[in-house]
Structure formats: C-alpha cells, structure tokens
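The values are calculated or read from the model by the stated rules, or taken from the named source; none is laboratory data. Bear in mind the structure is a predicted one, so any value in this text is a computation, not a measurement. Here Cβ is always computed from backbone atoms with ideal geometry, including for glycine, and neighbour counts include all displayed protein chains.
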Amino acid sequence: MLIGELARRTSVSTRLLRYYEEQGLLQPQRDALGYRSYAADAPEQVGHIRDMLAAGLSTEDIRSLMPCAIDHVNKEIQACDMSLDVVESRHSDLDDKIAALERQRELLAVKRASIREAMPAS
C-alpha cells in the first residue's frame with residue numbers, strides 16, 4: 001500500500017510516517033517510480049509503534065527493540081534481556097519523574113497555604 005493509504009488507515013499523517021521511516025521504525029519498499037510501498041501488516045506496525053510511544057518509549061528505544069523483541073502479530077514486546085533492560089530503564093525514569101512531580105506538588109501546596117494565610121479575611 002502507498003503512504004497515503006497507510007496514513008488513512010492508521011490516522012497518522014504522512015509526515016509522521018516518513019519520520020518513523022527516518023527513525024528506522026518502518027521499512028517500506030520502493031516501487032519502480034520511487035514511491036513508498038508498505039507491507040500489508042504496516043497498519044499493525046504503526047499501531048504498535050504508537051502504543052510503545054504512548055507507553056513512554058523513545059523512537060531510539062523502539063528501534064533497538066525491533067530486531068529481536070517485537071511481536072507485531074500480538075502487539076507485545078517479547079521477553080529478552082534487551083527488552084527487559086529498556087522497559088525497566090523507562091519505568092525507572094518514570095518513577096523518578098513521578099517523585100519529582102510529587103515534590104513539586106508538596107512545595108506548591110505549602111506555598112498556596114502560606115499565601116492563603118497571608119491574605120486578609122473577607
């Protein structure tokens with residue numbers, strides 16, 4: 001299928017599909033006229049890429065997982081040392097971000113309480 005058809009079937013822009021190709025996440029063939037031609041399972045691949053991005057994996061992470069760890073049929077990351085390392089690393093990063101956000105929230109709550117106390121009673 002051509003890029004326009006893939007974009008229509010996945011609701012992903014052609015620009016983003018070309019970006020996925022640049023990042024090594026999609027590998028279309030080229031026909032005699034140079035047009036991109038995607039395999040029949042490309043919509044599933046795009047869906048899987050979108051799911052992994054939504055889970056917080058970077059395009060670099062996804063590219064590193066693709067050769068040995070991605071099952072496009074079941075849309076799952078298969079078990080191997082590399083996939084476990086990547087997913088655990090992103091999970092740890094997320095835990096760190098959550099902890100930082102919780103600290104910020106606590107600081108803002110203290111500031112808010114201080115401001116409220118300093119306001120004149122109405």
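Some notes on this structure:
Matching residues to (1) acidic (Asp, Glu); (2) at pLDDT 90 or above; (3) surrounded by 12 or more Cβ atoms within 10 Å (Cβ to Cβ):
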residue: Gln23; (1), (2), (3): no, yes, yes
residue: Tyr38; (1), (2), (3): no, yes, yes
residue: Ile49; (1), (2), (3): no, yes, yes
residue: Leu57; (1), (2), (3): no, yes, yes
residue: Met82; (1), (2), (3): no, no, yes
residue: Glu88; (1), (2), (3): yes, yes, no
residue: Leu101; (1), (2), (3): no, yes, no
residue: Val110; (1), (2), (3): no, yes, no
residue: Arg116; (1), (2), (3): no, yes, no
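Residues are listed down the side, and each one gets a yes or a no for (1) modelled with pLDDT of 90 or more; (2) β-branched (Val, Ile, Thr); (3) more than 23 Å from Ile3 (Cβ to Cβ):
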| position | (1), (2), (3) |
| --- | --- |
| Tyr20 | yes, no, no |
| Tyr35 | yes, no, no |
| Pro43 | yes, no, no |
| Pro67 | no, no, yes |
| Ala113 | yes, no, yes |
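- Of the residues making up segment 17-24, not a single one is outside any loop (DSSP other than H, G, I, E, B), touching a Ser or Thr at 6+ places or on another chain (Cβ under 6 Å) and not acidic (Asp, Glu).
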